[in-house]
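The structure appears below as structure tokens.
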Amino acid sequence: MSPVPSVANDPPFERAALATLRHLLALPLPEAGPDAATALGKRLQDCAPLSYLALVQCVDDAPAFIAMPGLTGALPEEMAGHACQFERLPAQQGWCTARIHHGDWRGIVACTPSKYRGLIQHLLEVCANHFSLLQADHLLELSSSPLLNRIPFWQEKLDSFTRLLRLGGSLPARQLFAQFDSTLRFWMGAKEVLLLQRRESQIVSLYPVGQRMTEALMQELAQPKAVHKEEACLFWYSLPIQMNRQYYCSLCLALDKPMVPEDRQLLLFMSELAGLLAELYQLREFQHQHKEANPSQHEPDQQRLQQLQRLNLRLQRQLKQRDELEREMQLDAQRDPLTQLANRTLFLHRLDHALKHYKRYPEDGFAVLLIDLVSLRQVNEQYGDELGDLLLKHVAHMLRLCVRQNDLVARLSGDEFIVLLDASSHAEHVTPIISRILNQLQQPLLLEGNEVTIHANLGVATVSPSTDESAQLLRQADIATFQAKRRGLNQAVFYSELCDVPDHLSPEQALQQALQEKRILPYVQPVMRLKDRRITHLELVARLLESNGEVQDAMAFIPLAEQSELILDIDRTMLRHACGLLTGLYQPLMHDNNLRLSLNLSGRHLIDRQHIQELMEIIQQAAISPKLFIFEFKERDLMRRDSQTLTLLHELRAKGIGIAVDDFGTGFGSLNSLFHYPVDFIKVDDSFTHRLLKSNRDRALVRAIRDISHDLGMQVIIEGVEERSQYLKLVEMGCDLAQGNFFSAPLPADALLSLLPSRGDPRPPAK
């Protein structure tokens, strides 16, 4: 970042320059009237006294100086009628000028004491450049911002074209227009690019040199107005290029399909750029002709050219330094100063852009994850704001590590963080990230010698065809976070209709209604043996069918059900589904391949023997052998180690039912806990799987779980296998079983059969 020009003999003004620049870059597009000049003047007067300040505007081709009221100075009379020549104002008298490009605004004029002129001139140039960009963006955003509705390369397109202006001072003319040609071909799919100029009755091809089409077509395209014509299976578009407000030549493009409205807007922007490049082309041609006509003056011309080149290099360096300063200012305006995360403004901009992209490409879904840091207020009250700031920095760093490279983490407010999860259209894409975040938040934290406990609640909203605006997603994420707060600390809730039911119907009542209407559906995911990729058993998971036809992951309603007795009804419903599959659709498959069916059950069943008896009665009524079932209980539900739990687990196992510990690694204090339970399967939490390739610690822990489990006669199931690299690493480590989307995502019960080549070979196709 280049330093702000110093002000001699007045350090306070120098110290105020940087702050003034920040304010200048925040000024909006100027409106007609003295208010615009007043707003600008107030900022500039923080650095230096002003006797005159005005914005120069062109209204109906007539100049207008919009002066800041209250200043003592005035514009010299000889310059009052020459808005386009205001640069002639004498610099030795303290006059500073800067030209504005694009739109009706032409420039800024100011007068200050001579010793402050360098600083004010620099600030005016920054502000003029800022207004130029605002006006260019404003012109491009007309007609409901058509460019912003395109794929997320609109900014890259504009950058590619404007970058050509920077090359204008260094590239030879032919190479410069070749760059312009290739840029048009790349971004707009142009098949032909020409610059045609009408000289009396003759049509000349400025670029490329020589005719590339028939004389008749050239005559039609080389017009001082826009021309659209179809010729030889190509769609020709001609746009006039102006220099000094007069027609100079025509920019002609040939496409293999009609131009969309978005590209028409972009082409208007390019016409101004092409005019600047054409002017450069003309100047260079004139220079070349002058050298040929005056060979004796070649050497002096070379010297002058070298001087101009050196001057141009200095100007380019100054421009680069100024651009770096402005870029730094813009970044500061988009970042949270404490955590250096994206701030609310940048996040909302990216969210709007993501939603527009989704409307055009609905297969690329995304989700919003809202994180409410419950612990911040308590930390501030107990330890002070400084420690609270350290906590926020720690959480920001942790969130960066937990999300993926393409995800955006932002600080929304004091204790709220938010994440834009790219390519996350389903709950199974989001759940691993939530698990990592909750696991990291619950780790002990030592700040300045103080042990701090972090608590948070998470709410998730996923984009859908019914999403109309970004504010709707934020509202849904906020509602989901509120529901998470109702369920306790460190909870995560996916937004669904159950979270946003009418006032007369509670979420529990809505879930009860879904049960009554039989909208709790069975989905199935296979568990694979790693050494030969054969299915060993199937896991039955619950899904909720919304009234609008959308299917919600278990994370959207199971935490709510856990807070009430409804979880027992859901478990019994899923067991009846399992019995129906075993006596119907899955009967040949299970019999021929000796497969088993696994179900997730709440730990509430282990509190009361009556609950277990009700489950066994369902199995007995269906006349199914209990040996076909595996009951999965979460690790946290088994941490009580009470006699009732152990007794019931032994009784279930004695009847032939397999016992599995789910989400292992997130609740036990040590591996010694494995010795206390009659367990057949250990399911390692997917958070270990996501870190498997990068963390030696996690690989060592998985190996320890594998070795201890084998010694105790248990099998290890690795959850959350998403990639082939994870699968190969687990095979290398000698693990037993695995499941995850790499093999198959959870599918409707009847759809799973399509994965199997035959009933006698339960192996899905290799990936």
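Within segment 611-657, the set of residues being surrounded by fewer than 16 Cβ atoms within 10 Å (Cβ to Cβ), of a type in the set (D, E, K, R) and farther than 15 Å from Leu599 by Cβ comprises Glu617, Arg636, Arg640, Arg641, Asp642, Glu651. Restrict the check to segment 722-739 and report whether at least one residue is more than 17 Å from Glu632 (Cα to Cα) and of a type in the set (S, T, N, Q). The answer is yes; a qualifying residue exists. The condition (being at pLDDT 85 or above, surrounded by fewer than 16 Cβ atoms within 10 Å (Cβ to Cβ) and over 17 Å from Arg185 (Cβ atoms)) is satisfied by just one residue among Gln219, Gln211: Gln219. Against the numbered list (1) at pLDDT below 75; (2) within 18 Å of Ser132 (Cα to Cα), Gln57 comes up short only at (1). Filtering segment 602-629 to residues that are more than 45 Å from the chain's Cα centre (by Cα) and among the hydroxyl-bearing types (Ser, Thr, Tyr) leaves only Ser625.
Looking at segment 395-409, can you tell me whether even one residue there is among the polar types (S, T, N, Q) and either surrounded by 21 or more Cβ atoms within 10 Å (Cβ to Cβ) or over 30 Å from Gln552 (Cα atoms) (or both)? Scanning segment 395-409, I find no residue that is among the polar types (S, T, N, Q) and either surrounded by 21 or more Cβ atoms within 10 Å (Cβ to Cβ) or over 30 Å from Gln552 (Cα atoms) (or both), so the answer is no. There is at least one residue in segment 515-523 that is surrounded by 16 or more Cβ atoms within 10 Å (Cβ to Cβ), assigned to a loop (DSSP other than H, G, I, E, B) and without any contact (Cβ under 8 Å) to a residue 40 or more places away in the chain.
Is it the case that segment 592-601 has a residue that's more than 46 Å from the chain's Cα centre (by Cα), part of a helix (DSSP H, G or I), modelled with pLDDT of 90 or more and among the acidic types (Asp, Glu)?
Looking through segment 592-601, none of the residues is more than 46 Å from the chain's Cα centre (by Cα), part of a helix (DSSP H, G or I), modelled with pLDDT of 90 or more and among the acidic types (Asp, Glu).
Could you look through segment 3-52, keep only residues that are polar (S, T, N, Q) and at pLDDT 70 or above, and pick out the one that is surrounded by the most Cβ atoms within 10 Å (Cβ to Cβ)? Walk me through how you get there before you give the answer.
Let us first name the residues in segment 3-52 that are polar (S, T, N, Q), namely 6, 9, 20, 38, 45, 51.
Next, only the ones that are at pLDDT 70 or above stay: 20, 38, 45, 51.
Details: Thr20: 22, Thr38: 15, Gln45: 17, Ser51: 14.
Looking at residues that are polar (S, T, N, Q) and at pLDDT 70 or above, I get Thr20.
Among the residues of segment 683-712, those identified as among the polar types (S, T, N, Q) and not in a loop (DSSP other than H, G, I, E, B) are Ser687, Thr689, Asn696, Ser709. Got at least one residue in segment 351-362 being at pLDDT below 80 and either under 26 Å from Glu125 (Cα atoms) or assigned to a helix (DSSP H, G or I) (or both)? Within segment 351-362, none of the residues are at pLDDT below 80 and either under 26 Å from Glu125 (Cα atoms) or assigned to a helix (DSSP H, G or I) (or both).
The values are calculated or read from the model by the stated rules, or taken from the named source; none is laboratory data. Note that the structure is predicted; figures quoted are calculated from it, not measured. All Cβ positions, even for glycine, are placed from backbone atoms using ideal geometry, and neighbour counts span all protein chains on display.
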